[in-house]
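The values are calculated or read from the model by the stated rules, or taken from the named source; none is laboratory data. Computed from a predicted model, the values in this text were never measured in an experiment. We place every Cβ from the backbone using ideal geometry, glycine too, and count neighbours over all the protein chains shown.
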Amino acid sequence: MGAKTGLFLRGLQGTIRGIQFGSAATVLALTSYFLATMANHGLAIDVHLRAVEGISGGITAYTLITILLLCCIPGQPFFSFIMMVVDVCCAGALIYVAIRNKNGASTCVGIVDTPYGKGNADTNVVDNGHGGFTILPSLHHACKMETACLAVSIIGCVFFILSPFMEVVLVRHRKKEQRYGPSPANDYTSGSGRKPGFFASLRGKGSGHPDADLMNNKLPEHASPSDIRDSYTTEQTRVGGVGSYNPYNETQVGQQQPYSPPHAGNNYNKYDMSFGQQQQDIAMGHGDHVYDRR
C-alpha cells in the first residue's frame with residue numbers, strides 16, 4: 001500500500017511539474033519570437049519584454065531540475081524546502097508575466113496594443129528599414145500571442161501555488177516510509193502500517209509502534225509439540241500389561257502361573273483365599289505357621 005501511495009504522489013507532482021514546464025516554455029518561445037523579430041528588423045525592444053524572457057527561461061530550467069529531482073530523490077527534506085521557496089517566487093514572477101501581457105485579454109479586434117506597438121489589428125507590423133530575414137506578424141496575430149502568454153502564465157501561477165503543498169505531502173510520506181519500512185503491519189511491503197486513531201493521538205499513543213497495545217497484552221507463548229517428549233502408550237504403562245516388568249518377580253507379569261490349591265505342607269497364598277478359609281486353616285494347623293493362643 002505504501003509503495004502505491006508513493007507512486008501516486010510522485011505521479012501527481014510530476015503532472016504538476018509538467019504543466020509548470022509547459023507554461024514557462026510557452027512564454028519563453030513566444031517571447032523569444034518577439035525579441036528575435038524585433039531585433040532582426042531594428043524595432044525598439046521594451047525592457048519589460050527582456051525581463052519576461054529572462055523569467056520564463058529561468059522557470060523553464062528550474063522545472064526541468066525539479067522533474068529530475070522528483071525522479072531521483074522525491075520528498076528529500078532539504079531539497080523540498082528549497083523548492084517550496086522557489087515555487088513561491090516563481091508564482092510571483094508569473095504574476096508579473098501575466099501583468100506584462102495584460103493586453104492579450106482583449107478580443108484582438110480593432111485597435112490593439114502589442115509588443116510591436118499600437119495599431120489596427122488588420123495591419124501588419126511595419127519594418128524599420130533594416131530588411132531583416134524574419135517574417136513580421138500582423139498586429140492581430142501578435143495580440144493573439146500575447147493572449148496565449150497571459151493564459152499560460154496564469155495557469156503556471158496556479159500550479160506553482162499547489163506544488164509546495166505537494167512537496168509537504170511527499171516529505172511526510174518519505175518520513176513515514178523510513179519510520180516503519182517493511183513489517184507484518186503492511187504485509188512486508190514498503191509501507192507505513194496502520195495509522196493511529198484521533199483519540200489515540202490525543203492520548204500520546206500515536207508516536208509509538210502501531211501494535212504497541214496489542215504487544216503489551218499478549219499472552220506468553222505456549223509450548224509447541226516439538227518441545228514435549230513423546231509419551232508411552234497405555235499398553236506400555238499400565239500395571240499387569242503384557243510385556244511389562246515386575247520387579248518382585250523374575251517372570252513376566254503377563255505369563256500366568258499354574259494354580260496350586262492350599263494343602264498341608266505347602267505355603268498358601270493368603271491373598272488368594274477368603275478370610276474364612278484363612279481362619280479355618282489356622283485352626284486346623286495347616287501351613288507353615290501355627291498360631292498358639294496360649
| What number of residues in the stretch 112-128 are out of contact with any His (no Cβ under 7 Å at 6 or more places or on another chain) and not in a strand (DSSP E or B)? | 5
| request: With the condition kept exactly as written, say whether any residue in the stretch 68-80 is at pLDDT 95 or above, part of a helix (DSSP H, G or I) and either within 29 Å of HIS141 (Cβ to Cβ) or of a type in the set (Gly, Ala, Ser) (or both). | output: no
| Could you say which residue among LEU9, LEU43 is within 21 Å of ASP87 (Cα to Cα) and modelled with pLDDT under 90? | LEU9
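For the condition among the polar types (S, T, N, Q) and under 30 Å from LYS176 (Cβ atoms), what is the one hit in SER80, SER138, SER153? Give the derivation first.
Values: SER138 fails: under 30 Å from LYS176 (Cβ atoms); SER153 fails: under 30 Å from LYS176 (Cβ atoms).
Residue meeting the stated conditions: SER80.
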| Residues that are within 20 Å of ALA148 (Cβ to Cβ) and polar (S, T, N, Q), drawn from the stretch 32-49 | SER32, THR37
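A quick yes/no check of all residues on (1) at pLDDT 90 or above; (2) surrounded by fewer than 22 Cβ atoms within 10 Å (Cβ to Cβ); (3) within 19 Å of ALA25 (Cβ to Cβ):
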| site | (1), (2), (3) |
| --- | --- |
| VAL85 | yes, yes, no |
| VAL88 | yes, yes, no |
| LEU94 | yes, no, yes |
| ILE99 | yes, yes, no |
| LYS102 | yes, yes, no |
| SER106 | no, yes, no |
| VAL112 | yes, no, no |
| remark: Checked against (1) under 22 Å from GLY156 (Cα atoms); (2) surrounded by 19 or more Cβ atoms within 10 Å (Cβ to Cβ), LEU64 satisfies every condition except (2)
